[in-house]
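To start, the structure under review is shown below, and the notes come after it.
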Amino acid sequence: MIETENKKKVFIETYGCQMNFSDSEIIGSILMEHNYISTDDMKSADLILMNTCSIRDNAEQRVRNRLQELHALKKRKSSLVIGLLGCMAERLKEKLLEEEKHIDLIVGPDGYRSLPALLEQVESGQKAVNTLLSAEETYADITPVRLGSNGVNAFISIMRGCENFCAYCVVPYTRGKERSRNPKTIIEEAASLFDQGYREVTLLGQNVNSYQWEDNGLPIEFPALLEDVAKVNPLLRVRFATSHPKDLSDDLLDVIATYPNICHAIHLPVQSGSNEILKKMNRSYTREWYLDRVAAIKKHLPDCAISTDIIAGFCSETEDDHKDTLSMMEIVGYDYAFMFKYSERPNTIAAKKYSDDVSEEDKSRRLDEIISMQQKLSLASNKKDIGKVFEVLVEGVSKRSDTQLYGRNSQNKVVVFPRSSHKPGDYVRVLVEDCTPATLRGVEVK
Ligand code: SF4
């Protein structure tokens, strides 16, 4: 066993979506097999890796600003190695080395296995790049290290890539073809996490509903995989993200309704409520189809929370299109939403075919209207929970007060209640007495 003091320190900074956080845990695992240990102290690091996001322009701007700070650090510590990983690395490739001279390493989402070899290249004084996308790579045989984990919740990546080519999205270009991971390795990882004390796993993919594996000629689709993970242990909660409305099946809803440990919370990005805009976005469903899926969720899982993603101000969006989005929100009654202004991304279908013609002013006003609509809906949803008892999985001490514990119910809502002898990983029954748009407040009941 190589002594810790001989090991090099790596500081991994992650931007963007849950997939990136899951990838950072795979990156950590690969490096820890090669003489590295993880550190939370950037200043003491020998290697700093930024696992980046490219979904909107401001995500990349944040990375650029951060790189300036790292440049200053490198001036003080010339041996420091800086690597840029993830979607921004994949989108910009070698060009980044010209634009940011102090970067040593550029690695795309499918190149993490080559990190040790690339780092040797850097040690010999060269810059190193690997932005090849793969049609097979799923890192299925790599056990992620749980970075900054609370020991209760963990991500399990079940597939990579996406081929839906939504007109505004860079993911198909930065993460490549869709490929599913061997279900056996997914179930093993869930069982191992349970044995380590984790009590919740989130199955991750850009579009988990199109998960597909073949076992001796027999297809295994997402409902079957979800069922097998739920069978690992009834005390292991199971969540999943993200679903594409075009693939949300009644079979899946039946499986969720059958296993109490599969959480009643579905993230179903709608993006817009207007058929005109959905068509332009290449979302492959209509308003009517989406509402039919929502009706199916409410029929199979009456207490299910529904969250979504919404883009304000997509190319050619009119006030009527915007009103369609607001009315969609009211009809569905979302519990939560991620809401953004349209940000044109280079080389996407939208950038090639449409002009970004909605003014910044209209985008901002429409986004404000969407956010205040959602605030209203979230509060209304939480108010309906007052007087109900929920099983809460304790995640820790409230960040706001150390006299309070917090956790989440099956609907993925944060619940805060008076501190007691319970510890993270315990299930507690909580009677909800009050709420805000973001939080439920209650007391423990037997
Ligand atoms: S489903 Fe659409 S929005 Fe989601 S990752 Fe794929 S292309 Fe992007």
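The values are calculated or read from the model by the stated rules, or taken from the named source; none is laboratory data. Every value quoted in this text rests on a predicted model; they were computed, and no experiment measured them. So basically every Cβ, Gly included, is an ideal-geometry build from the backbone, and we count neighbours across all protein chains shown. These accessible areas exclude ligands, DNA and RNA; they are computed on the full protein's heavy atoms, side chains included. Shrake-Rupley method; radii C 1.70, N 1.55, O 1.52, S 1.80 Å.
In table form, for the structure just shown:
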read-out	value
Wholly within the stretch 262-358, strands (runs of 3 or more DSSP E) carrying at least 3 residues that are within 14 Å of the ligand (Cβ to nearest atom)	305-312
Number of positions in the stretch 167-208 that are within 16 Å of the ligand (Cβ to nearest atom) and in contact (Cβ under 8 Å) with a residue 12 or more places away in the chain	19
Only listed residue being over 29 Å from Met339 (Cβ atoms), open to solvent by less than 70 Å² (accessible area, probe 1.4 Å) and not in a helix (DSSP H, G or I), chosen from Gly407, Gly387, Gly396, Gly442	Gly387
Members of the stretch 264-279 that are crowded, with 23+ Cβ neighbours inside 10 Å and out of contact with any Lys or Arg (no Cβ under 8 Å at 6 or more places or on another chain)	Ile266, Val270, Ile277
Total residues in the stretch 67-79, condition closer than 14 Å to Glu99 by Cβ, in contact (Cβ under 8 Å) with a residue 24 or more places away in the chain and either open to solvent by 50 Å² or more (accessible area, probe 1.4 Å) or small (Gly, Ala, Ser) (or both)	1
Residue that is farthest from the ligand (Cβ to nearest atom) [pool: residues in the stretch 147-162 that are closer than 18 Å to Gly86 by Cα, in a loop (DSSP other than H, G, I, E, B) and open to solvent by 10 Å² or more (accessible area, probe 1.4 Å)]	Leu147
Matching residues in the stretch 70-108 - criterion: being under 15 Å from Val122 (Cα atoms) and not hydrophobic (A, V, I, L, M, F, W, C)	Lys74, Ser78, Ser79, Gly83, Glu94, Lys101, His102, Asp104
Selection within the stretch 418-434 - in contact with a Ser or Thr (Cβ under 9 Å, 6 or more places away or on another chain) and more than 20 Å from Pro260 (Cβ to Cβ)	Pro418, Arg419
Top-ranked residue of the stretch 427-446 - restricted to ones that are within 15 Å of Ala380 (Cβ to Cβ) and of a type in the set (A, V, I, L, M, F, W, C), ranked as modelled with the lowest pLDDT	Ala438
Residue in the stretch 233-248 that is surrounded by the fewest Cβ atoms within 10 Å (Cβ to Cβ), counting only those that are under 19 Å from Leu393 (Cα atoms) and basic (Lys, Arg)	Arg239
Selected residue [open to solvent by 20 Å² or more (accessible area, probe 1.4 Å) and either of a type outside the set (A, V, I, L, M) or within 16 Å of Pro144 (Cα to Cα) (or both)] from Ser22, Ser29, Ser54, Ser38	Ser38
